[in-house]
Amino acid sequence: MSALNFLSQTLRIAVPYLLAAAGGVLSERAGLIGLTLEGYMLGGAFCAAAGSYAAGAAGMGAVAPWLGVLAAVLGGAALSMLYAASAIRFKADQIVVGIAVNLLAVGLTRFFLRLFFDSSSNSPRVPGFDVKGSGTGFVSLAHNPLVWIGVIMTPLVAWLLYRTPFGLRIRAVGEHPAAAASVGVPVVKVRYMAVALSGMIAGLGGAYLSLDQHQFTDGMTAGRGFIALAAIIFGRWNPLLAGLACLLFASAETLQIQLQGTQMIPSQFVEMIPYVLTIIALAGLVGRASAPAALGKTTTE
């Protein structure tokens, strides 16, 4: 496999990780654990497929993928607001609520998959962003606007966090909410907004998956949200470093795919490569990474 093909496949795999990690950084820096990224992505993937399919069936083929993207953003936002309301308004344990939201996303997507498409495994083919004859390399990626959004989102979130007043407020409520409240920062409002943005951006990651594959498949996120969360921790809650970690994990997944084709190593061991790398990365970092001080805490005291 040529180096260019390896890089293009790595980028293709990295896009959903980059989007989920960018959204997760906003949530975690505001003090809310990003365990729900998997649910946001899965909900976004289904909403994108359903929206694009409905638009295509209505004769809006040219804009169908964009309507799917809009549906994914709204779907991710809806799940994120459920999480925010439970964790912020009702002060529920964020770990428990995060697991519940992920399970809810799995159940809802299966239910609506059966209801809308009369299938328990996958949706029909839906319109996507690919261009006929564009191939599978960099040319194909260049025609997919979600690839560009995924690449741009990481520096955009870094700019938002470190160069804007709103980003300063996000970091303040995630480090010391009581001090932020004492100078007039609306802690609850800022946290709601950060979690909403997190759900929207992660929903885009799900939209990329379903529109790139032209269908929604049950459980198609396959743990990508958890790997994105690992990338956030590995990147020390810095969006740029988290983006680099996403590229590292994506390159490991690309290597896994290539090794499966050679059959030099038993497939069971090859499939473990991305997850083993994740464990090694986090094990080497644990104890040295400093999480936001108020992460997981629901009070402002």
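Filtering the range 53-63 for residues that are of a type outside the set (A, V, I, L, M), modelled with pLDDT of 95 or more and within 13 Å of the chain's Cα centre (by Cα) leaves an empty set. Those residues that are among the aliphatic types (A, V, I, L, M) and part of a helix (DSSP H, G or I), I need them from the range 81-97; list them, please. MET81, LEU82, ALA84, ALA85, ALA87, ILE88, ILE95, VAL96, VAL97 - these are the residues of the range 81-97 that are among the aliphatic types (A, V, I, L, M) and part of a helix (DSSP H, G or I). Being crowded, with 21+ Cβ neighbours inside 10 Å and within 21 Å of ALA142 (Cα to Cα) is a property that LEU197 lacks.
Could you please find all residues in the range 1-34 being surrounded by fewer than 24 Cβ atoms within 10 Å (Cβ to Cβ) and either of a type in the set (S, T, N, Q) or over 18 Å from ILE149 (Cβ atoms) (or both)? Residues satisfying the conditions are MET1, SER2, ALA3, LEU4, ASN5, PHE6, LEU7, SER8, GLN9, THR10, ILE33. Comparison of SER140, SER52 shows that the only residue that is in contact with a Pro (Cβ under 8 Å, 6 or more places away or on another chain), part of a helix (DSSP H, G or I) and under 25 Å from ARG12 (Cβ atoms) is SER52. Contact map, the range 153-172: residues that are under 20 Å from CYS246 (Cα atoms) and touching a residue at least 24 places away in the same chain (Cβ under 8 Å) paired with residues that are assigned to a helix (DSSP H, G or I) and among the β-branched types (Val, Ile, Thr), Cβ distance under 7 Å, separation 6+ or inter-chain. Pairs shown: MET153/ILE201; VAL157/VAL25; LEU161/ILE170. Here TYR83 fulfils each of the conditions (1) surrounded by fewer than 22 Cβ atoms within 10 Å (Cβ to Cβ); (2) of a type in the set (Phe, Trp, Tyr); (3) over 25 Å from LEU146 (Cα atoms) apart from (1). For the range 204-234, the tally of residues that are farther than 25 Å from SER123 by Cα, under 15 Å from the mean Cα position of the chain (by Cα) and of a type outside the set (Val, Ile, Thr) stands at 4. With respect to the stated conditions, VAL188 is touching a residue at least 40 places away in the same chain (Cβ under 8 Å), surrounded by fewer than 22 Cβ atoms within 10 Å (Cβ to Cβ) and either touching a strand residue (DSSP E or B) at 6+ places or on another chain (Cβ under 8 Å) or over 23 Å from PHE111 (Cβ atoms) (or both). Scan the range 1-35 for residues that are part of a helix (DSSP H, G or I), under 15 Å from the mean Cα position of the chain (by Cα) and farther than 17 Å from GLY205 by Cα and the total you get is 1. Each residue in the range 69-125 was checked for being at positive phi and either in contact (Cβ under 8 Å) with a residue 24 or more places away in the chain or among the β-branched types (Val, Ile, Thr) (or both), and 1 pass.
Scanning the range 125-169 for residues that are at pLDDT 85 or above and out of contact with any helix residue (DSSP H, G or I) (no Cβ under 6 Å at 6 or more places or on another chain) yields a total of 17. The residues on offer are ALA231, ALA207, and the sole one that is at pLDDT 95 or above, of a type in the set (Gly, Ala, Ser) and surrounded by 15 or more Cβ atoms within 10 Å (Cβ to Cβ) is ALA207. Within the range 88-123, restricting attention to residues that are among the small types (Gly, Ala, Ser) and modelled with pLDDT of 95 or more, the residue that is surrounded by the most Cβ atoms within 10 Å (Cβ to Cβ) is ALA105. I need a count of the residues in the range 182-223 that are β-branched (Val, Ile, Thr) and not in a helix (DSSP H, G or I). Going through the range 182-223 one residue at a time, the tally reaches 4. Screening GLY150, GLY174 for residues that are of a type in the set (Gly, Ala, Ser), in contact with a Phe, Trp or Tyr (Cβ under 8 Å, 6 or more places away or on another chain) and either assigned to a helix (DSSP H, G or I) or farther than 18 Å from ALA250 by Cα (or both) leaves exactly one candidate, GLY150. One residue stands out among those in the range 234-256 that are out of contact with any helix residue (DSSP H, G or I) (no Cβ under 7 Å at 6 or more places or on another chain) and assigned to a helix (DSSP H, G or I): the one that is modelled with the lowest pLDDT, which is LEU248.
The values are calculated or read from the model by the stated rules, or taken from the named source; none is laboratory data. No experiment lies behind these values; they were computed from the predicted model shown. Using ideal geometry, Cβ is built from the backbone for each residue, glycine included, and neighbour counts are taken over all protein chains shown.
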